[in-house]
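I have placed the structure first, in the form of structure tokens, so that the comments after it can refer back to it.
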Amino acid sequence: DLSHGVALYLEDITVSFDGFRALNQLNLTIDAGELRCIIGPNGAGKTTMMDVITGKTRPDAGKAFFGQTIDLTRLTEPEIAHAGIGRKFQKPTIFERHTVFENLELAMKTDKRVWTSLFAWLSGEARDRIADTLRLIRLDKEADRPAGLLSHGQKQWLEIGMLLMQEPRLLLLDEPVAGMTDDETMRTAELFVSLAGKHSLVVVEHDMAFVEKLGGKVTVLHEGSVLAEGDLATVQNDQRVIEVYLGR
Ligand code: ADP
């Protein structure tokens, strides 16, 4: 039930690289259905945090749970993805020569694809899911075009659609609007707001207009731990945050 409970729970997560603490007793709780933005200066630990959540990096200490029961520190990267955590990197990994529709089809879970090819295709169930996703990511008119012909923003949306085909409960997005036009950025914000509730989202982003439009709680990372947390206006007026961003 996504309207209750915790989607992600990090407690005292520490990650060291050659003695340097990229994460230093990081604590983070994301509620189910929440849309959370993570901001912070370069080197704050944002990428390392995402790497811990997806199992790419093992923490040296601390707890990391997906939902109430899934201990992320005991799972491999593929196991974590299969458990329902989807990550979008900055660089799209779409199949440029395939159509938009085919990209979404290819992105369905392998077990579902097998099912699809045998039975569900006939019932149109898979087609319906792809059509719903196409509308959601505003690419329904581009379904039959090769993905390589899409604009930069559209490619990003297609990749988000491909992630959604995996039916993740938690979506991790790393600077999703980098390189987008203002219009694409605002449409992406609308998309994310519409995904929240059904999914939990953690968005690492530098674009403050985008963060403002998302409207959720903001966590400021600095030197591997949480410096401030709250709505954007509150953290922007926090003296410690101002010092970190403007320099002392
Ligand atoms: P952010 O994403 O907020 O810019 P990162 O998580 O990428 O921050 O990095 C946090 C700190 O950890 C940085 O000082 C970075 O240089 C260091 N770091 C990250 N990954 C490694 C690594 N594989 N080896 C050594 N240092 C690393």
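The long axis of helix 152-164 is offset from the longest Cα principal axis of the chain by roughly 90 degrees. Qualifying trypsin sites (Lys or Arg not before Pro) in the range 123-232, where qualification requires a DSSP coil assignment and no more than 14 other C-beta atoms within 10 Å, comprise LYS198. In the chain, taking the dipole from charged Cβ atoms about the Cα centre, the farthest positive-side position among PHE17, PRO78, GLY224 is held by PRO78.
Rounded to the nearest 20, the Cβ-based charge dipole of the range 8-49 about its Cα centre (Lys and Arg +1, Asp and Glu -1) stands at 160 debye. Among the listed pairs LYS46/LYS213; LYS56/LYS141; LYS46/LYS198; LYS91/LYS217, a Cα-Cα separation exceeding 30 Å is found for LYS56/LYS141.
Quick one: helix 182-195 against the long Cα principal axis of the chain, what's the angle to the nearest 10°, folded into 0 to 90? With both axes taken from Cα atoms, the answer is about 90 degrees. Quick one: longest stretch of the chain between exposed loop GluC sites (Glu not before Pro), exposed meaning at most 16 other C-beta atoms within 10 Å and loop per DSSP? Result, exposed sites excluded: 97-222.
Take the Cα radius of gyration of the range 1-51 and divide it by 2.2 N^0.38 Å, N being the number of residues; the result is 1.30.
Classify the chain: rounded, prolate or oblate, from the alpha-carbon gyration tensor (a ≥ b ≥ c, eigenvalue square roots; a/c under 1.5 rounded; otherwise prolate if a/b is larger than b/c)? Taking the square roots of the gyration eigenvalues as a ≥ b ≥ c, the chain is prolate. With the charge dipole of the chain set up from +1 on Lys and Arg Cβ and -1 on Asp and Glu Cβ about the Cα centre, the Cα lying farthest toward the positive end among the listed residues MET165, ILE38, GLN90 is that of MET165.
Highest mean packing first, where packing is the average number of other Cβ atoms within 10 Å per residue, the peptides 48-57, 64-73 line up as 48-57, 64-73.
Using just its DSSP H runs of length 4 or more, each adding -39500 (n - 2.57), the chain gives a mean residue ellipticity at 222 nm of -10000 deg cm²/dmol after division by all residues. Calculate log10 I(q)/I(0) of the range 54-114 for q = 0.21 Å⁻¹, where I(q) comes from the Debye formula with a single equal point scatterer on each Cα and nothing for solvent. Result of the Debye calculation: -0.93.
We did not get these values from a lab; they are worked out from the coordinates using the rules stated. This structure is a prediction, so every number in the text was calculated from the model and none was measured. Positions of Cβ are generated from backbone atoms using ideal geometry, with glycine treated the same way; all protein chains shown enter the neighbour counts.
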